[in-house]
Amino acid sequence: MNDGFIKTAAATPQIRVADCEYNADKIIGLIAEAKMRAVKVLVFPELCVTGYCCHDLFYQPVLLNGALEQLARIVKVTSGSDMLSAVGCPIVFHGELYNCAVIIQNGEILGVIPKKFLPNYNEFYEARQFTSAPDGKFDIELLGKSVPFGLNLLFECSDIPELTFAAEICEDLWSPDPPSTVLALGGAVIVANLSASNETIGKESYRKALVTGQSARLICGYVFASAGEGESTQDLIFGGHRMIAENGRMLADSGLYTTGLTISEIDVQKLTTERRRNTSFKCGAEPEMRRITFAMRPERTVLTRNVEALPFVPQSASEKDKRCFDILQMQAHGLSARIRHTGCKTLVVGISGGLDSCLALLVSVEAMKILGRSMSDIVTVTMPCFGTTNRTKSNAEALCTILGTSLRVIDISDSVRQHFKDISHDEGDRNVTYENGQARERTQVLMDIANEENGLVIGTGDLSELALGWATYNGDHMSMYGVNASVPKTLVRHIVYYYAQNTDNNALREVLTDIFNTPVSPELLPAKDGEISQITEDLVGPYELHDFFLYNGIRWGFPPKKVYRLAQYAFGESYDSETIKKWLKTFYRRFFAQQFKRSCLPDGVKVGSVSLSPRGDWRMPSDASSVVWLKEINEL
């Protein structure tokens, strides 16, 4: 459970209706398998000790007594284990029969949760045999001991403060006011659903929507275990559907018509951090909760869940294309609204032949299409200087010409040399002044052209560059509207590629493809043999790593040691541990040192879950110290 990962399983045993001993054998077998696989939270289906489809047999004392006998066996086999298990069993309380989740750990019953909402429509008639959960706090004598009984039970781990467990039963989730809502507001971070959800056409997808939606609304882990093989097929079929969801994301889905365990790891640290960020979620505000403490020894959890190496880039081709289309639309509509508001006559875009300026131009083109304006109202400016290569220069000019913009080619070499002369800088000294002098000269040219043409300078810098501070202050750092400000570098590449693949213009596709394949470079140092000499990723590190650090370390607030562990897991053999550690240190060092640049960013629309705008998601003092973060990295 180190780093907040709780290995969780949803279990569907093969059963026989009303054969409690057989069912207990299968349940005990899955408990043993779960222990072997280091599971810490295990959830079984509704009424799995007896079978859900016993119907009027639930009136028979023989069945109910048999269920208690086998429940005692199940409880006993958990002795010596700190795994928390939820088992479905019928329980008699105050003369009434309840459909219950029995919470078990280390040879003891910690509590019993009755079902609140009993379906009594269509194929269901549970109210015929069962009673709805009573309001209030009760104790029940069960297997010779007094244990808590009721709806509002929370099971809190004394050793892992982020781990609080609760349960509801099947129809409870389908109701307009699920018990899990109150339980989560009371502090439950993992919610179990013990279910016997039969299959009908379309129900599987609806069930998935319910589970993922509830986990998102409650910012929780949601574990759903449904009845399967062995339930009566007299009138219904049960698919044994098992799901584990986390804050709207499906971690594991068994599909239909299988039995056994479905396992993943729920990150309770991530969930509790997100709840703190979300001011609409007032956790702990429910005073009627009954809190039961249990112990669970923290240990390192072996990960099996998917950790995406490129968290900003969808894995499937169709989702990736949709993401690219949606972002282009958001960027373009944001820019078109700014054009309307300012009444500007032109857009001024500096074009380098690289990815970022290419995307900024494509966004400008789409904005002009929205407004029904001519592409000639886009003034594109390419400004070759000491480091410009023929490849990037020709790509820049070709792109602007093909798109029908008003292209200007302005060689800034003489202007920069004059500036060096003015400030007594030796051109042979290729230091930061040499580099930044070119970047600031380009920005001055763009700003002055914008004044001349009643235009807006469109910023090209992306989210990854802003995170690293890889921009010249008051150079490419500045614009009048930054369309790429919340688009990470790894996604910029895919948007340009998406545009190339979806244009009917072969010439445009060809130049975009070459831009896509061009190494990322500021081109501020002279070329070597006509080739780019300054490769950005050689200097600051691979952008795929930095985007991973940005997403996990900043968006989710994970500590560096957890980001490091996840990066090792996600990138596998792509990067060795020392390389990841090196660039992780670079990321945190630069992220803290360069905040002053982010504190005065131009406007730019937010398009994703991460934004570093001082007016958007991110508030940080420019003089914050990175000592604690770097210390943790140095100790890895």
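Only one of the listed residues (Glu573, Glu537, Glu578, Glu531) is at pLDDT 95 or above, over 26 Å from Thr272 (Cβ atoms), of a type in the set (D, E, K, R) and open to solvent by 40 Å² or more (accessible area, probe 1.4 Å). That residue is Glu578.
Taken over the stretch 212-244, the criterion of being among the β-branched types (Val, Ile, Thr) and either at pLDDT below 95 or surrounded by fewer than 24 Cβ atoms within 10 Å (Cβ to Cβ) (or both) is satisfied by Thr212, Ile219, Thr233, Ile237. Whenever a residue of the stretch 130-149 is in contact (Cβ under 8 Å) with a residue 12 or more places away in the chain, its partners that are among the small types (Gly, Ala, Ser) and not in a strand (DSSP E or B), lying with C-beta atoms within less than 8 angstrom and at least six residues away or across chains, give the pairs Ala133/Gly150; Pro134/Gly150; Gly136/Gly150; Lys137/Gly150; Phe138/Gly150; Leu143/Ala72.
Quick grid of which residues meet (1) under 24 Å from the mean Cα position of the chain (by Cα); (2) among the hydrophobic types (A, V, I, L, M, F, W, C):
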residue: Ile244; (1), (2): yes, yes
residue: Arg249; (1), (2): yes, no
residue: Thr262; (1), (2): yes, no
residue: Gln269; (1), (2): yes, no
residue: Met289; (1), (2): no, yes
residue: Val302; (1), (2): yes, yes
residue: Ala317; (1), (2): yes, yes
residue: Lys320; (1), (2): yes, no
residue: Arg338; (1), (2): no, no
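Taking the stretch 584-624 as the range and being within 26 Å of Phe571 (Cβ to Cβ) and touching a Gly at 6+ places or on another chain (Cβ under 6 Å) as the test, the residues that pass are Thr586, Arg590, Gln594. Scanning the stretch 317-338 for residues that are among the aliphatic types (A, V, I, L, M) and out of contact with any Asp or Glu (no Cβ under 9 Å at 6 or more places or on another chain) yields a count of 4.
The sole residue among Gly88, Gly29 that is out of contact with any Cys (no Cβ under 9 Å at 6 or more places or on another chain) and under 23 Å from Glu229 (Cα atoms) is Gly29. Could you say whether any residue in the stretch 137-144 is buried (at least 19 other Cβ atoms within 10 Å of the Cβ) and of a type outside the set (D, E, K, R)? Taking every residue of the stretch 137-144 in turn, at least one turns out to be buried (at least 19 other Cβ atoms within 10 Å of the Cβ) and of a type outside the set (D, E, K, R). The single residue among Leu359, Leu347 that is among the aliphatic types (A, V, I, L, M), over 17 Å from Ala500 (Cβ atoms) and either outside any strand (DSSP E or B) or at pLDDT 95 or above (or both) turns out to be Leu347. Kindly check whether there is at least one residue in the stretch 493-503 that is in contact with an Asp or Glu (Cβ under 8 Å, 6 or more places away or on another chain) and among the β-branched types (Val, Ile, Thr). No, the stretch 493-503 contains no residue that is in contact with an Asp or Glu (Cβ under 8 Å, 6 or more places away or on another chain) and among the β-branched types (Val, Ile, Thr).
Scanning the stretch 319-340 finds no residues that are under 24 Å from Glu441 (Cα atoms), open to solvent by less than 50 Å² (accessible area, probe 1.4 Å) and in contact (Cβ under 8 Å) with a residue 40 or more places away in the chain.
Checking each residue in the stretch 360-386 for being more than 39 Å from the chain's Cα centre (by Cα) and open to solvent by less than 20 Å² (accessible area, probe 1.4 Å) picks out Met383, Pro384, Cys385. When the residues of the stretch 182-211 are narrowed to those that are closer than 19 Å to Ala166 by Cβ and surrounded by fewer than 21 Cβ atoms within 10 Å (Cβ to Cβ), which ends up modelled with the highest pLDDT? Filtering the stretch 182-211 for residues that are closer than 19 Å to Ala166 by Cβ and surrounded by fewer than 21 Cβ atoms within 10 Å (Cβ to Cβ), the one modelled with the highest pLDDT comes out as Leu210.
State the number of residues belonging to the stretch 429-454 that are exposed (fewer than 13 other Cβ atoms within 10 Å of the Cβ), of a type in the set (Asp, Glu) and within 18 Å of Ser376 (Cα to Cα).
Number satisfying all stated conditions: 1.
Note on the stretch 367-399: residues that are farther than 27 Å from Arg440 by Cβ and of a type in the set (Ser, Thr, Tyr) amount to 2.
Does Asp177 meet the test of being assigned to a loop (DSSP other than H, G, I, E, B), of a type in the set (Asp, Glu), open to solvent by 30 Å² or more (accessible area, probe 1.4 Å) and under 24 Å from Glu299 (Cβ atoms)? Even if it seems obvious, please write down each step before you answer.
Working: assigned to a loop (DSSP other than H, G, I, E, B): yes; of a type in the set (Asp, Glu): yes; open to solvent by 30 Å² or more (accessible area, probe 1.4 Å): yes; under 24 Å from Glu299 (Cβ atoms): no.
Answer is no for this residue.
The values are calculated or read from the model by the stated rules, or taken from the named source; none is laboratory data. Note that the structure is predicted; figures quoted are calculated from it, not measured. As a convention, Cβ positions derive from the backbone with ideal geometry for all residues, glycine included, and neighbour counts pool all protein chains shown. Calculation scope for accessible area: heavy atoms of the full protein, side chains included, ligands and nucleic acids excluded. Shrake-Rupley method; radii C 1.70, N 1.55, O 1.52, S 1.80 Å.
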